[in-house]
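Only one structure is covered here, and it is reproduced in the block below.
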Amino acid sequence: MNAPAYNFAYLDEQTKRMIRRAILKAIAIPGYQVPFASREMPMPYGWGTGGVQVTAAILGPKDVLKVIDQGSDDTTNAISIRKFFAKTAGVATTTATEDATVIQTRHRIPETALHENQVLVYQVPIPEPLRFLEPRETETRRMHALAEYGLMHVKLYEDIARFGHIATAYAYPVKVNARYVMDPSPTPKFDNPKMDNCPALQLFGAGREKRIYAIPPYTTVVSLDFEDHPFEPYRFNAPCALCGAENSYLDEIVTDDKGGRMFVCSDTDYCEGRQAAGHRGSLSAAPYKEKAHGGSNG
Amino acid sequence: MYVAVKGGERAIENAHRLLANARRGSHNVPEVTLDQISEQLGLAVDRVMSEGSLYDRELAALAIKQARGDLIEAIFLVRAFRATLPRFGASEPVETGAMRVQRRVSSTFKDIPGGQILGPTFDYTHRLLDPSLAEGFVPEAPATAEASSAPTPRVTDILGRDGLIESSPQAEKGASVGDLTREPLNFPADRDLRLQNLARGDEGFLLAMGYSTQRGYGRNHPFAGEIRFGEVEVEFFAEDAGFAVPLGSIELTECQMVNQFKGSATEAPCFTRGYGLAFGQSERKTMSMALVDRALRARELGEEAAAPAQDEEFVMSHSDNVQATGFVEHLKLPHYVDFQSELGLLRKLRQEFTDANAAESMKEAAE
Amino acid sequence: MTTIAELPPGFVDKVLSAQSTFRSVMDAMARPGSVQRIVPMAGAPAMMMRGTAAIALTLFDHDTPIWLDARMTESSDVVKWLKFHTGAPVVQDCSIASFALISDGAALPALERFALGSNEYPDRSTTLIVQVDSLAAGRGFELRGPGIDSVATLQAAIRPADLFERLRVNEALFPRGIDVVLVADDAVVAIPRTTRVVNKES
Ligand SMILES: [Zn+2]
């Protein structure tokens, strides 16, 4: 039996060229979804294959990679993807947002402000912001071509009529460079303002749906809203129980079955950095550090 | 005091070790070999090769073993391996008319040149569990006869000679063949891409879709013109050599459905075609594929396309079980962050609802 | 006649050189006006700058029809080198080209003759790779648009001298349009279709 041999960063060179060309067009047309011939990856569709392909196409030996899922470096899928690249590309990995040159993420944008020498790669399940209003690709493509986004505004307005608010809490649609309506991936709407005028390049990969799109650095990204119902980022009104942060997005931890709750930063690197700097919350404890076993990465 | 959950890396490693043990099962039972899978679970291997788009019995058997018999997982393993292989080009079209048939049936004519050949089939077996198979079963040697040298022309070609069925489209020499694993799919898609999608598509999905056309959701009056299973030669045109080089032979199942006729003022009426082709012996798959292929030709044939099986975008976007299982199963990944955002919104809406009702009843009480 | 053995070589390390070159081009496209360096070196046929050669080796293949301007086409070495190292088909019709290589800016065809993409698929457009005299000295330009923190400046000696005026068609065409990569030796600057360029002085 032929033992499979894999290339640097797993993908073959022809695939990388195809993805790289798609990335360049995506950057040139901010917010527009470029179709690409997504490959079958050794991880399931829906588990980050789009982000992994984008990362594999840009990653080089000098890069330092950070992978987060739900804001955390320690969620199992983040660990799994980080190990995949440590193994196939031998790149350095980090959990420190500041030190990373490439950050692959699912569902969050780090709290620490990104800088110019970084690329943020989002894993995207459904790249089409209009998909839930119009399931047909042929139709949504036409709507984007004509910048015909009335349907989206109608949907948001129906929410207001029914609930008094826009009832979208995550994957909240944005308009990029005043032209394309774009899905920011299922990030909480709390993160939307971070996309606007961001110094880092933002790339989005949807593997199953075979689309790549981008927001160049310093590009206008506006969350859709109405004059009388302006966009409001949501955050639970409490400080982080570990680091006391008042402006970070919080995970709700259920502590017992009697209604006990606590709230801690979803961005673990941010929270640990604050604790290391001496900030304390109401329930602070030195976070448990995993001991290295069988080689270390991350 | 609260300590954040860590140790995901160790959890993954331990889970994988546990999986390896669960896969092996009791050590009192001999380990299953790839040969056993390939020889004794041949139809599973055929399905994994077909939907995995890779003709390699040994790798398919390995995938089935690794996947603990979960065929969709095995298909996924084969696909992921296939994606790393270099693509040299497309073979010459295989000549199924020259197939060394092991089985060949037609429901449209009682007798056909070359004869009907029942071959190895479940058809007409009585579905009674057979306890003698439980252990040590030695089947009676198969009946044999001199191999027939009579040609076995395709039934649709026989119909085609009289113009009773639409002619099969002939590819131009050197025309490029679409490949949806190398180029992004756009709609509307040409038939080559549709057939590729269906050939890779989930057998269960196609079965349900094909079945739905029989029950009236896009009915197309099918007859099983012919189903044949056997061996064909594969050739590759080598540009350097300037001629087609034989690569070897593969087993295929082909189904040609003869469907509802069409015609117009300018065109004499004739039957239409639905086509199915798969690796190995995959009759249910190819018959379903042929029904769905015909259903997807509705627009091209000027029929109303209102049923699910006639909806190209619907069928092609949902036929792939590797895509489908990935996305369905991704729901078990953490969604704390988006759920938290949703929870916050819901709490706010509920609070406003309670406040509004309270204000309403206060007002009523005051009146 | 040059035989294949005499053709200038490609990258020494195909995988890592292509990655490094791509990152330079990606950074250039993401930050219009910024001058990025292409580090890995490959041999280049006469008429082709080393930056252009590295970009060709990084982005061209069987799937990308290439259009060459008259001066590039005259050099049979360029055509042979591209075919041998990238396999990209060289086409006569620039409206179907994925990339166009321009060595003689003065003879640049009207931009409308290249692929501009459609409103449904604006990505199906030609990327122009234009070799220029300098991306360090020359006239001053101011650039605005996505990728630029308010305003970027560029000094460049380019032909055609009115290239940026001609690129203003991008404004009306958007989302269709032409993306341009300028190359001077090992330096690259990208002007995607969203970038607005004006002369600095005057
Ligand atoms: Zn915190």
Across region B:318-343, the tally of residues that are more than 9 Å from chain A (Cβ to nearest Cβ) and under 19 Å from A:ILE81 (Cβ atoms) stands at 1
Right, B:ARG294: surrounded by fewer than 21 Cβ atoms within 10 Å (Cβ to Cβ), within 30 Å of B:THR121 (Cβ to Cβ) and either modelled with pLDDT under 95 or more than 9 Å from chain A (Cβ to nearest Cβ) (or both) or not?
-> no
When every residue in region B:218-274 that is of a type in the set (Val, Ile, Thr) and surrounded by fewer than 22 Cβ atoms within 10 Å (Cβ to Cβ) is compared, the one nearest to B:ALA98 (Cα to Cα) is B:VAL232
Taking only region C:101-158 into account, find how many residues are within 14 Å of chain A (Cβ to nearest Cβ) and surrounded by fewer than 19 Cβ atoms within 10 Å (Cβ to Cβ).
-> 9
Considering only region A:16-28, state which residues are touching a residue at least 40 places away in the same chain (Cβ under 8 Å) and either more than 20 Å from the chain's Cα centre (by Cα) or facing chain C (nearest Cβ under 7 Å) (or both).
-> A:LYS16, A:ILE23, A:ILE27
Criterion violated by B:LEU159 - all others in (1) within 14 Å of chain A (Cβ to nearest Cβ); (2) assigned to a helix (DSSP H, G or I); (3) of a type outside the set (S, T, N, Q) satisfied | (1)
Got a number for residues in region B:37-65 being of a type in the set (A, V, I, L, M) and touching a strand residue (DSSP E or B) at 6+ places or on another chain (Cβ under 8 Å)?
-> 1
Check region A:222-243 and report whether any residue there is within 14 Å of chain C (Cβ to nearest Cβ) and either at pLDDT 90 or above or within 15 Å of the ligand (Cβ to nearest atom) (or both).
-> yes
Could you identify the single residue in B:ALA324, B:ALA358, B:ALA365 that is at pLDDT 95 or above and in a helix (DSSP H, G or I)?
-> B:ALA324
Limited to region B:344-367, what total is found for residues that are surrounded by 15 or more Cβ atoms within 10 Å (Cβ to Cβ) and more than 7 Å from chain A (Cβ to nearest Cβ)?
-> 1
Positions within region A:177-196 being in contact with a strand residue (DSSP E or B) (Cβ under 6 Å, 6 or more places away or on another chain) and more than 9 Å from every other protein chain (Cβ to nearest Cβ), in sequence order = A:VAL181, A:MET182, A:PRO184, A:SER185, A:ASN192, A:MET195, A:ASP196
Residues being in a loop (DSSP other than H, G, I, E, B) and surrounded by 11 or more Cβ atoms within 10 Å (Cβ to Cβ) - total across region B:96-117 = 10
What's the number of the condition A:THR105 fails, among (1) on the phi > 0 side of the Ramachandran plot; (2) buried (at least 23 other Cβ atoms within 10 Å of the Cβ)?
-> (1)
Restricting region C:19-66 to residues that are surrounded by 22 or more Cβ atoms within 10 Å (Cβ to Cβ) and polar (S, T, N, Q), which is farthest from the other protein chains (Cβ to nearest Cβ)?
-> C:THR52
Apart from one, (1) more than 8 Å from chain B (Cβ to nearest Cβ); (2) at pLDDT 90 or above all hold for A:ASN2; the odd one out is (2)
Out of curiosity, is C:GLY33 of a type in the set (Gly, Ala, Ser) and not in a helix (DSSP H, G or I)?
-> yes
Picking from C:ALA97, C:ALA136, C:ALA110, which residue would you name as being modelled with pLDDT of 95 or more and closer than 16 Å to C:PHE60 by Cβ?
-> C:ALA97
Residue check: is C:THR3 more than 8 Å from chain A (Cβ to nearest Cβ) and surrounded by fewer than 20 Cβ atoms within 10 Å (Cβ to Cβ)?
-> yes
Just give me the residues in region A:148-167 being at the interface with another protein chain (Cβ under 9 Å from one of its Cβ atoms) and either exposed (fewer than 14 other Cβ atoms within 10 Å of the Cβ) or out of contact with any Asp or Glu (no Cβ under 7 Å at 6 or more places or on another chain) (or both), in sequence order.
-> A:PHE163
Helices (runs of 4 or more DSSP H) enclosed by region B:1-87 - at least 2 residues per element that are at the interface with chain A (Cβ under 8 Å from one of its Cβ atoms) and touching a residue at least 12 places away in the same chain (Cβ under 8 Å) = B:57-66, B:71-82
Residues (within 12 Å of the ligand (Cβ to nearest atom), more than 18 Å from A:PRO110 (Cα to Cα), part of a loop (DSSP other than H, G, I, E, B) and at the interface with another protein chain (Cβ under 8 Å from one of its Cβ atoms)) located in region A:244-282 | none
Qualifying strands (runs of 3 or more DSSP E) (wholly inside region A:52-143; at least 3 residues being within 14 Å of chain C (Cβ to nearest Cβ)) | A:119-123
Residue check for C:ASN119: assigned to a loop (DSSP other than H, G, I, E, B), in contact with a helix residue (DSSP H, G or I) (Cβ under 9 Å, 6 or more places away or on another chain) and at pLDDT 95 or above = yes
Filter pass, A:TYR213 being in a strand (DSSP E or B), within 22 Å of C:ALA30 (Cβ to Cβ) and at pLDDT 95 or above | yes
Check on A:PRO199, at pLDDT 95 or above, away from chain C (no Cβ under 14 Å) and within 19 Å of the chain's Cα centre (by Cα) = no
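The values are calculated or read from the model by the stated rules, or taken from the named source; none is laboratory data. Here the structure is a predicted model, which is why all the values come from computation and not from measurement. Cβ coordinates were reconstructed from backbone atoms using ideal geometry, including for glycine residues, and neighbour counts include every protein chain displayed.
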